[in-house]
């Protein structure tokens, strides 16, 4: 039986009643046509699933929290995806699938050859949109923790913020010789940088090298930006994380 999972951006506790967010209520009542008494699963990003019961099917759909369980859907491998901004739906796809693949953090990057430009207003709107994509992907995939996604920033500025925590630093480069099978991760996990449609420029590669990033090669073919990071995440999870 399909489990209906809904993200709620508020504290949850057994015995409490709350009104579902407008969009979630619309989906539950008008799209799924669930009856009063239907079972739902709520989550707010704290790592738990909250079993709930639908109390009403009006415009303001109310639910009661009946129980709580710890979710076990997170990967033991903490990965941060530093993704050069891609156009429109490509970026949405990357954010969605990276979430499904268990990434812990997503950093949209402005690189030397980035074609996407965001002013302050548009950047804020895109960030809100990406966070909604993350929540929806968690609903679908069963994750009870939302990966963090931060505002887009220049590659150099992001590199300046990195701490020396022992995380393995990797950048996808077609000319690299190191393969995913050779990697050895610590508890700190890893950082993975993926370039834009035109690839990482020489200044980008120089900055990454100076910051301690090693090149990673997936295979003999050059992948599109919306394919490369997802293929790498899947490989790393299979070899060093979920697998």
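The values are calculated or read from the model by the stated rules, or taken from the named source; none is laboratory data. The structure presented is a predicted model; accordingly, all values stated were derived computationally and were not measured. Backbone-built Cβ (ideal geometry, glycine too); neighbour counts: all protein chains shown.
With the condition kept exactly as written, say whether any residue in the stretch 61-72 is under 30 Å from residue 173 (Cα atoms), in contact (Cβ under 8 Å) with a residue 60 or more places away in the chain and touching a strand residue (DSSP E or B) at 6+ places or on another chain (Cβ under 7 Å). Before you say what the answer is, go through the steps one by one.
Let us first name the residues in the stretch 61-72 that are under 30 Å from residue 173 (Cα atoms), namely none.
No, the stretch 61-72 contains no residue that is under 30 Å from residue 173 (Cα atoms), in contact (Cβ under 8 Å) with a residue 60 or more places away in the chain and touching a strand residue (DSSP E or B) at 6+ places or on another chain (Cβ under 7 Å).
Rundown of residues vs (1) modelled with pLDDT of 95 or more; (2) under 14 Å from residue 80 (Cβ atoms), yes/no style:
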site: 155; (1), (2): yes, yes
site: 170; (1), (2): yes, yes
site: 176; (1), (2): no, no
site: 179; (1), (2): no, no
site: 206; (1), (2): yes, no
site: 209; (1), (2): yes, no
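Filtered by the rule that a residue be surrounded by 19 or more Cβ atoms within 10 Å (Cβ to Cβ) and in a helix (DSSP H, G or I), the stretch 64-95 gives 91, 94, 95.
Within the stretch 44-57, is even one residue more than 20 Å from residue 20 (Cβ to Cβ) and surrounded by fewer than 16 Cβ atoms within 10 Å (Cβ to Cβ)?
At the first step, the residues of the stretch 44-57 found to be more than 20 Å from residue 20 (Cβ to Cβ) are 47.
Now restrict to residues that are surrounded by fewer than 16 Cβ atoms within 10 Å (Cβ to Cβ): 47.
Yes, the conditions are met somewhere in the stretch 44-57.
In this structure, does residue 60 turn out to be part of a helix (DSSP H, G or I), exposed (fewer than 15 other Cβ atoms within 10 Å of the Cβ) and over 16 Å from the mean Cα position of the chain (by Cα)? For residue 60, the condition - part of a helix (DSSP H, G or I), exposed (fewer than 15 other Cβ atoms within 10 Å of the Cβ) and over 16 Å from the mean Cα position of the chain (by Cα) - is not met. Give me the residue from the stretch 110-123 that is at pLDDT below 90 and outside any loop (DSSP other than H, G, I, E, B) and, out of that set, nearest to the chain's Cα centre (by Cα). Taking the candidates together, the pick is 123.
For the condition surrounded by 15 or more Cβ atoms within 10 Å (Cβ to Cβ), in contact with a helix residue (DSSP H, G or I) (Cβ under 9 Å, 6 or more places away or on another chain) and touching a residue at least 24 places away in the same chain (Cβ under 8 Å), residue 167 does not qualify.
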